[in-house]
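Enquirer: Next up is a structure, given as structure tokens.
Quick note: the coordinates plus some simple rules give every number you see, no bench work behind them. For clarity, every value in this text was computed on a predicted model and none was experimentally measured. Note that we place each Cβ from the backbone using ideal geometry, even for glycine, and neighbour counts take in every protein chain shown.
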Amino acid sequence: MKYIIGFIACVVVLTTALYIVLGFWDISLFDPQYLTNTYKTIGVIGVVAILLILIVSFFFKANHKGYDTSKGNVAHPQK
């Protein structure tokens with residue numbers, strides 16, 4: 001999951017940098033409104049993803065199936 005979030009963050013940073021650099025040269029490939037709508041869409045997708053992760057982890061959590069965690073840092077099978 002952290003790789004997906006990192007990838008999206010990199011894309012957002014690179015897109016913003018591209019827009020700024022093209023603005024230096026007075027090149028307009030797209031309307032600034034598209035960039036704003038893109039950021040809003042990424043924000044909504046991020047919030048929904050976090051909510052889904054919280055809901056799934058709350059309702060479908062597994063309680064260390066078949067392992068005894070009291071024997072140190074490494075989980076050992078129960079005997």
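Enquirer: Principal axis extents for the range 1-47, Cα atoms only, whole Å, descending order, please.
Expert: Rounded to whole Å, the extents work out to 37, 18, 10 Å.
Enquirer: Each label point is 7 Å from the Cα along the Cα-to-Cβ direction; what then is the distance between the points at ASP26 and LYS61, in nm?
Expert: If labels sit at ASP26 and LYS61, their model points lie 6.0 nm apart.
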